[in-house]
Amino acid sequence: MDVAVAIGLTGRALTRALYATGRGVVLVATAALSLVLFIVTTLATAFILLGVGVLLLPLVTPLVRRLTGLCRNVAARCGVPIATPYLPLPPLEPGMFGWVQRCRSILTDPATWRDLLFLLLNTLVGFALGLLPLTLLVYSVEGLVLSTGFWMLMRESGVNFWYGFTALDSWPHAALGALVSLAVFAFWAAVAPHVTAGHAHFARSLLGPSERSVIASRMRHLSETRSDVINIQATELRRIERDLHDGAQARLVAIGMKLGAANRQLRTNPDAAETLLVDARNATASALEELRCLIRGIHPPVLAERGLEDAIRAIALESPVDVEVTTDVPGRMAAPAESAVYFALSELLNNVVKHANADRVSIDVRHEAGLLRAVVIDNGQGGADATLGTGLRGIERRCATFDGTLVLSSPEGGPTVAILELPCALYSPRTSSS
Amino acid sequence: MVQLLESYDFEIVAAVDNGPALLDALVTIRPEVAVVDVRLPPTFTDEGIQAALEARRRCPGLPILVLSQHVEQLYAKELLADASGGIGYLLKDRVLNSDQFVDAIRRVAGGGTAMDPQVISQLLAGRSRREPLSTLTPREREVLKLMAEGCSNVAIAQRLIVSQGAIAKYTTSIFTKLDLAPADDSNRRVLAVLAYLNGTRADVS
């Protein structure tokens, strides 16, 4: 039993070492390419002054990023994931101006310069660290082959062969050589994965986002979402103001006028007064109806009264398509987040009704490990594109305020799957009875 | 509200202003009919609905008319779920027309239903193409709509300006199409409304 376990462990260690050696070979290749690309990039940058570089640099940079991408991949396979730090490049505009602009955005991205430094260092580090595992493996195998008898063949052809510090000229010496090569083999098996992991850490220090760029991208995100929030809020307030002004306010004025007229005609023309009073009552009902719609748009009553789960059930009930709702949200979220999720789901469902041509939708909402996750699946025709519709963009922007994300998968022919994720805490047990 | 009801010769046995007191009053006094607001202290959420549901769990069939600033199909479904009648769910706006409102109260007290036309029209808009409701003719649908609002055959006949016999024929046809076994007529009416709300075949208990 123990033997089996030992064999299993040894087998796994050897496999890992072999993989690491293979990655080492890839690293040697990247080292060679690093040298070439370093020289080309440096020249391209220098030639910007001559004009040629303006065309050359935007052509070389994608190659550099492909190479660093390969290094990130190798590192990820060594268990060191590295995030991509590049700033988004603006779309290439036609003409010379576009190239100049692209050059500028490449040159102002700090990641470009860190890449360049990586290329220079990797020429050496990648070569050395990449070659080490292979060298160890080859050397130990060579020793084993020689010490099992090849040394005799060698001696007959008149060459006195040394392995390590042993001259292979007799069987005892050959045995010693075999021991040394076994030791080298064991050393290779133990060290190879660590060598490539070492390179991965080296790569991360230069190819990953620097602390500064992490903070910078966070700040960019915050200022973007902040201005989004301000815009959305201002638009909402304007809409509410307009609705109140054109709706309830106008109705109340009309009611007041009708009541005034009724008052004047109460004695002289009771019939006309009665008609006016009925009109006034009807106008009151319309005003109330408008206010109800407005309130629903600001904060739906069921959401306020029952929370997210029942509010979603309520929109499902009102939807013209079959909606299956499953939920597991054991508590209430903070009101703004709850409202954002509600309106996002409501909008998604609206989209399904309007565009998807679906007859069945499922909505699953659950809260796990500090993350609220809502999945909306429909059996419609698919082909929804978040970059086209303003609705989906709007949902994304609203959720981004809460660091939430919307992921959409909608191949032509369906089905469409929308996944909404929003980090949030639940703060009290549910109060609803259902 | 108390004044309005007294002017229509109702005797007010209790008037309470919060959720727990309401539930207490409902189950101890067991009024002939109760008029309940959805939002009440202490939390101003849905105490009225919760109290009404709980009271009817304890005293099945206790007639309750729920009033609200807004009507929700979700709540309507919950209120109708026990299928025992004597339930109403209206917008507060309906109080403006006091005759119709008092009529609704009396209907609920008599074991009937009074659903707000808004609930019904939302349902019509939402689920009209679903089985088995989709098998109903437009006229039958109209009759079912009025039935759901709580109108009697006489009232429906008056509204649609047809004979009572015709209405009886429509209702029978509706019951058959919705697969409701012949039983106590008023119970069947509630079940028909339920079928309407669920958009599926109502379970006949």
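The values are calculated or read from the model by the stated rules, or taken from the named source; none is laboratory data. This structure is a prediction, so every number in the text was calculated from the model and none was measured. Quick reminder, even Gly has a Cβ in these numbers, built from the backbone with ideal geometry, and neighbours come from all protein chains shown.
In the set (1) of a type outside the set (V, I, T); (2) within 14 Å of another protein chain (Cβ to nearest Cβ); (3) free of Cβ contacts under 8 Å to residues at least 40 places away in the same chain, the condition left unmet by A:G380 is number (2). Going by what's in this entry, would A:V329 be described as more than 13 Å from chain B (Cβ to nearest Cβ), among the β-branched types (V, I, T) and surrounded by fewer than 16 Cβ atoms within 10 Å (Cβ to Cβ)? Considered against the rule, which asks whether it is more than 13 Å from chain B (Cβ to nearest Cβ), among the β-branched types (V, I, T) and surrounded by fewer than 16 Cβ atoms within 10 Å (Cβ to Cβ), A:V329 comes out as no. Scanning segment B:27-37 for residues that are farther than 18 Å from B:I87 by Cβ and crowded, with 18+ Cβ neighbours inside 10 Å turns up nothing.
To keep it simple, each residue is scored yes or no on (1) assigned to a helix (DSSP H, G or I); (2) among the basic types (K, R); (3) without any contact (Cβ under 8 Å) to a residue 60 or more places away in the chain; (4) more than 19 Å from A:L207 (Cβ to Cβ).
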site	(1), (2), (3), (4)
A:G8	yes, no, yes, yes
A:A13	yes, no, no, yes
A:G22	yes, no, yes, yes
A:S34	yes, no, no, no
A:I39	yes, no, yes, yes
A:A46	yes, no, yes, yes
A:L56	yes, no, yes, yes
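Screening A:V353 against (1) under 24 Å from B:F44 (Cα atoms); (2) free of Cβ contacts under 8 Å to residues at least 60 places away in the same chain; (3) within 11 Å of chain B (Cβ to nearest Cβ) leaves a single unmet condition, (1).
Would you point out the residue of segment A:272-282, among those that are touching a Leu at 6+ places or on another chain (Cβ under 9 Å) and at pLDDT 90 or above, that is surrounded by the most Cβ atoms within 10 Å (Cβ to Cβ)? Within segment A:272-282, the match that is surrounded by the most Cβ atoms within 10 Å (Cβ to Cβ) is A:L276.
Restricting attention to segment B:26-53, report how many residues are within 14 Å of chain A (Cβ to nearest Cβ) and either within 20 Å of B:V102 (Cα to Cα) or among the β-branched types (V, I, T) (or both). The total comes to 7.
Do we have any residue at all in segment A:35-45 that's within 30 Å of the chain's Cα centre (by Cα) and modelled with pLDDT under 90? For segment A:35-45, residues within 30 Å of the chain's Cα centre (by Cα) and modelled with pLDDT under 90: absent. Only one of the numbered conditions (1) assigned to a helix (DSSP H, G or I); (2) in the same structural domain as A:N379 (by TED's automatic domain parsing) is not met by A:E289, and that is (2). Taking the conditions (1) at negative phi; (2) within 12 Å of the chain's Cα centre (by Cα); (3) among the small types (G, A, S) in turn, B:G111 satisfies each one other than (1). Every condition in (1) away from chain B (no Cβ under 14 Å); (2) part of a helix (DSSP H, G or I); (3) among the acidic types (D, E) is met by A:D364 except one, and the failing one is (2). Of the listed requirements (1) modelled with pLDDT of 85 or more; (2) more than 13 Å from the chain's Cα centre (by Cα); (3) of a type in the set (S, T, Y), B:S128 misses just one: (1).
Residue-by-condition table, conditions (1) in a strand (DSSP E or B); (2) crowded, with 18+ Cβ neighbours inside 10 Å; (3) touching a residue at least 12 places away in the same chain (Cβ under 8 Å); (4) out of contact with any strand residue (DSSP E or B) (no Cβ under 8 Å at 6 or more places or on another chain):
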{"residue": "A:S105", "(1), (2), (3), (4)": "no, no, yes, yes"}
{"residue": "A:R114", "(1), (2), (3), (4)": "no, yes, yes, yes"}
{"residue": "A:L124", "(1), (2), (3), (4)": "no, no, yes, yes"}
{"residue": "A:F127", "(1), (2), (3), (4)": "no, yes, yes, yes"}
{"residue": "A:R155", "(1), (2), (3), (4)": "no, no, yes, no"}
{"residue": "A:A174", "(1), (2), (3), (4)": "no, yes, yes, no"}
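Being out of contact with any strand residue (DSSP E or B) (no Cβ under 7 Å at 6 or more places or on another chain), surrounded by 16 or more Cβ atoms within 10 Å (Cβ to Cβ) and at pLDDT below 80, is that true of even one residue in segment A:202-213? Checked segment A:202-213: at least one residue is out of contact with any strand residue (DSSP E or B) (no Cβ under 7 Å at 6 or more places or on another chain), surrounded by 16 or more Cβ atoms within 10 Å (Cβ to Cβ) and at pLDDT below 80. Selection within segment A:217-235: residues that are among the charged types (D, E, K, R) and touching a helix residue (DSSP H, G or I) at 6+ places or on another chain (Cβ under 8 Å). The member of this set that is surrounded by the most Cβ atoms within 10 Å (Cβ to Cβ) is A:D228. Would a scan of segment B:34-51 turn up a residue that is farther than 30 Å from B:Q122 by Cα and at pLDDT below 85? Yes, segment B:34-51 contains a residue that is farther than 30 Å from B:Q122 by Cα and at pLDDT below 85. The set of residues from segment B:60-91 being surrounded by fewer than 16 Cβ atoms within 10 Å (Cβ to Cβ) and within 8 Å of chain A (Cβ to nearest Cβ) comprises just one member, B:Q69.
Filtering segment A:334-350 for residues that are in a strand (DSSP E or B) and either away from chain B (no Cβ under 14 Å) or not hydroxyl-bearing (S, T, Y) (or both) leaves an empty set.
Residue-by-condition table, conditions (1) modelled with pLDDT of 70 or more; (2) charged (D, E, K, R):
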| site | (1), (2) |
| --- | --- |
| B:P117 | yes, no |
| B:L144 | yes, no |
| B:G150 | yes, no |
| B:R159 | yes, yes |
| B:I167 | yes, no |
| B:S173 | yes, no |
| B:L180 | no, no |
| B:S186 | no, no |
| B:L197 | no, no |
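Residues satisfying the criterion are absent from segment A:280-294 (criterion: within 12 Å of chain B (Cβ to nearest Cβ) and over 30 Å from A:I255 (Cα atoms)). Exactly one residue among A:W151, A:W188 is assigned by TED's automatic domain parsing to the domain that holds A:G79 and more than 23 Å from A:R23 (Cα to Cα), and that residue is A:W151. Looking at A:L56, is it farther than 24 Å from A:S210 by Cα and buried (at least 17 other Cβ atoms within 10 Å of the Cβ)? When the stated conditions are applied, A:L56 passes them. The set of residues in segment A:208-234 being among the hydroxyl-bearing types (S, T, Y) and either under 30 Å from A:L116 (Cβ atoms) or over 29 Å from the mean Cα position of the chain (by Cα) (or both) consists of A:S210, A:S213, A:S217, A:S223.
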